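K.L.:
Okay, handing you the structure first.
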Amino acid sequence: MSPIAPANCSNSSDFLLSGIPSLEHLNFWLGFPLISMYIVAVMGNLSILYIIKVEPELHEPMHIFLFMLSMIDLLIATTTMPRMLGIFWMDDRVIGFDKCLTQMFFIHFLSALESGILVAMAVDRYVAICHPLRYSSILTLEKICKMSAMIVVRGTLLMVPIPLIIKRLPQWKDNVLTHSYCLHQEVMNLACGDIRVNVIYGLLVILSVMGIDSLFISFSYLLIIKAVLGLVEEASTKAFSTCAAHICAVLIYYIPLIGLSVVHRFKTSTTPNLHILFGNVYLLLPPVINPLIYGIKTKQIRNGLKKIYSKIIHQEKNGMNI
């Protein structure tokens, strides 16, 4: 005989996505900056992917990792932003339980991949600055493939259990999510059942991804700083400038992620708007900002963009002459 559930619990198979509570009257107008961000994210990351693919001089480890980062950012943007537009412009707030679990898996899986690629990029910068003469022999294509495979396998093994341990939860105290998408931390807090497994596993995932990866990145930059301090001023400035874009990408990814994790675990002592702000920035900002940073800071990417635009202008002029 199954235990009797509390009166305030239900077997609802749907969740309601809130968008931005208290700003529902502005949903129509909030959709415009959101779609602008989505267009910038798609066009920016597609430009990075195209330039790296067609320019032979960019077929080196640093840009191969950047190619992967842009692919992940493009997938994250496509997983989240169109669904948010549906909330803002069509009031499509209902998401089925299985769809919620699917979105949850891809959001956490892609976030783990992004974190892993940022570690790989930190390793790339360490080798390039600390062992420049052995750069091509250390970071061979075979090793890059192995690193990428390890990142994907780790993300898969860590994230596949998340929807499974959510699915085992029997009933729900509420079905309203404060975010515009499904996250494990929030969905588990709505459950009536015992969520200790979810809490423990969630902490394990955070430590295995955010904790270990941030330590690797920090350690890489400590070694880089140590190496750079031994260089002359001009060389050290040039070495640091090659890391600027990666440092920005790391900060844009980790600061909102850490903020979101802290806010979820100390939810009662934080305002709902802060909770929602970190949730949106955590997923929306990197796909938009990363292509802009690398487009500005990376000389080869800038040159590639100039070539593309010059070809377009040349073709338009030829078309007008015809």
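K.L.:
Once you have a ≥ b ≥ c as the square roots of the Cα gyration tensor eigenvalues for region 1-118, tell me rounded if a/c is under 1.5, and otherwise prolate or oblate according to whether a/b is larger than b/c.
P.N.:
Note, shape of region 1-118 comes out oblate.
K.L.:
On to the next question. Mind checking the per residue accessible area of region 97-228 for me, 1.4 Å probe, whole number of Å²?
P.N.:
For region 97-228, the per-residue accessible area is 46 Å².
K.L.:
Let me ask something else about it. List the trypsin sites (Lys or Arg not before Pro) in region 129-167 that DSSP assigns to loop (not H, G, I, E or B) and whose Cβ has at most 15 other Cβ atoms within 10 Å. Which are they?
P.N.:
Counting only loop positions with at most 15 other Cβ atoms within 10 Å, none of the trypsin sites (Lys or Arg not before Pro) in region 129-167 qualifies.
K.L.:
What helices does the chain hold that run 20 Å or longer along their axis, going by alpha-carbon atoms, with a Kyte-Doolittle average of -0.5 or more, using DSSP H for the helix calls?
P.N.:
Span-like helices in the chain: 27-54, 61-90, 97-130, 141-159, 212-228, 233-265, 272-297.
K.L.:
Which residue, ASP73, ASP14, ASP194, has the most motion in a Gaussian network model of the chain that connects Cα atoms within less than 10 Å?
P.N.:
Result for the chain, Cα springs under 10 Å: ASP194 fluctuates most.
K.L.:
Give me the percent of accessible area attributable to carbon and sulfur for the chain, probe 1.4 angstrom.
P.N.:
70 percent
K.L.:
Take the alpha carbon atoms of region 139-206, find their center, do the same for region 47-125, and report the distance between the two centers in whole angstrom.
P.N.:
Taking the Cα centre of region 47-125 as reference, the centre of region 139-206 is 17 Å away.
K.L.:
Something else about it: Return a whole-number percent for the relative contact order of region 11-109, with Cα pairs under 8 Å and 6 or more residues apart as the contact set.
P.N.:
Reported as a whole number, the value is 48 percent.
K.L.:
In terms of the Cα gyration tensor, with a ≥ b ≥ c the square roots of its eigenvalues, is region 141-198 rounded because a/c is under 1.5, prolate because a/b exceeds b/c, or oblate?
P.N.:
prolate
K.L.:
While we're on this one: Strictly under 4.7 angstrom between C-beta atoms: which cysteines of the chain have no such partner?
P.N.:
CYS130, CYS145, CYS243, CYS248 - these cysteines have no disulfide-compatible partner (Cβ-Cβ under 4.7 Å) in the chain.
K.L.:
At 222 nm, what value in deg cm²/dmol follows for the chain if DSSP H runs of at least 4 each add -39500 (n - 2.57) and the sum is divided by all its residues, to the nearest 500?
P.N.:
-25500 deg cm²/dmol
K.L.:
Filter LYS146/LYS238; LYS99/LYS299; LYS53/LYS99 down to the pairs with a C-alpha to C-alpha distance above 32 Å, please.
P.N.:
Table pairs above 32 Å Cα-Cα are LYS99/LYS299; LYS53/LYS99.
K.L.:
If you average the sequence gap of Cα pairs under 8 Å that are 6 or more apart and divide by the length of region 110-192, what percent do you get for the contact order?
P.N.:
27 percent
K.L.:
Right, another one. Cut-off 10 angstrom, C-alpha nodes, Gaussian network model of the chain. Which of ILE206, ILE296, ILE217 fluctuates the most?
P.N.:
Evaluated over the chain, the most mobile residue of the options is ILE296.
K.L.:
Before anything else, pin down the relative contact order of the chain: Cα pairs under 8 Å, at least 6 apart, normalised by residue count, whole percent.
P.N.:
So the answer I get is 27 percent.
The values are calculated or read from the model by the stated rules, or taken from the named source; none is laboratory data. What you are looking at is a predicted structure, and each value in this text was computed from that prediction instead of being measured. Cβ coordinates were reconstructed from backbone atoms using ideal geometry, including for glycine residues, and neighbour counts include every protein chain displayed. Keep in mind that these areas ignore ligands, DNA and RNA; they rest on the heavy atoms of the full protein, side chains included. Shrake-Rupley method; radii C 1.70, N 1.55, O 1.52, S 1.80 Å.
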